[in-house]
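Structure record follows, encoded as structure tokens.
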Amino acid sequence: MCFVDLTKAYDLVNHQAMTAILREYGVPQKLLTIIEELYSQTWCQVRSAGETSERFEVSTGVQQGCVLSPLLFNCFLDKILREGMRTLNEGLTINYTVNKRVFLTCRDKTLASMSIQDTLYADDLTLVAESWGDLQNMVNAIAFLFLIGLLELSNLLNGGHG
């Protein structure tokens, strides 16, 4: 396992890319409209030492303290991870059966298997692999994603206009 610190990553979420991802993930239009309204025409000012800056528009980042922010961030990051790691075969393979018993015996046959590559909660990312080499490949892919992937995904979802 590798724990990745995504501190400040909440600030990188492009609002237009986020709504495009939510639309792609099948979020109902009514809820999508509410989220778009929550994030459209957001302006800020900075107050320091008794002085206030000119106001400026905020087009990236999920809102701090909002109960939706961890979910919105995870949808955004999930899309990036899926795009970046879809060609990797690394991960932790879990074999399972679908019988109705809680405990399995050595005679039970596994009917299916799945591979887990990562877990996400809020801004905490954990990569999971069966070997150090596989884990290193995943870390390299994640590093690449964070260097250029966020920008490319935002440009792609904005119709190529960054």
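Look at segment 90-132 and say how many of its residues are surrounded by 10 or more Cβ atoms within 10 Å (Cβ to Cβ) and modelled with pLDDT of 75 or more.
Of the residues in segment 90-132, the ones surrounded by 10 or more Cβ atoms within 10 Å (Cβ to Cβ) are 90-97, 99, 104, 108, 110-111, 114-120, 122-130.
Cutting the leftovers down to modelled with pLDDT of 75 or more gives us 90-94, 114-120, 124-130.
Of the residues in that region, 19 qualify.
Yes or no: residue 141 in a loop (DSSP other than H, G, I, E, B) and at pLDDT 80 or above?
no
Consider residue 6 carefully, then state whether it is within 25 Å of residue 129 (Cβ to Cβ), in contact (Cβ under 8 Å) with a residue 60 or more places away in the chain and open to solvent by less than 70 Å² (accessible area, probe 1.4 Å). Spell out how you get there, then give the answer.
Values: within 25 Å of residue 129 (Cβ to Cβ): yes; in contact (Cβ under 8 Å) with a residue 60 or more places away in the chain: yes; open to solvent by less than 70 Å² (accessible area, probe 1.4 Å): yes.
In short, yes.
For segment 24-39, state whether one or more residues are within 30 Å of residue 140 (Cα to Cα) and either free of Cβ contacts under 8 Å to residues at least 60 places away in the same chain or open to solvent by 40 Å² or more (accessible area, probe 1.4 Å) (or both).
Yes; the residues of segment 24-39 include at least one that is within 30 Å of residue 140 (Cα to Cα) and either free of Cβ contacts under 8 Å to residues at least 60 places away in the same chain or open to solvent by 40 Å² or more (accessible area, probe 1.4 Å) (or both).
The values are calculated or read from the model by the stated rules, or taken from the named source; none is laboratory data. Since the model is a prediction, treat every value here as computed from it, not as a measurement. For neighbour counting, all protein chains shown are included, and Cβ atoms are generated from backbone atoms with ideal geometry for every residue, glycine included. Remember, those area values only see protein heavy atoms, side chains included, never the ligands or the DNA or RNA. Shrake-Rupley method; radii C 1.70, N 1.55, O 1.52, S 1.80 Å.
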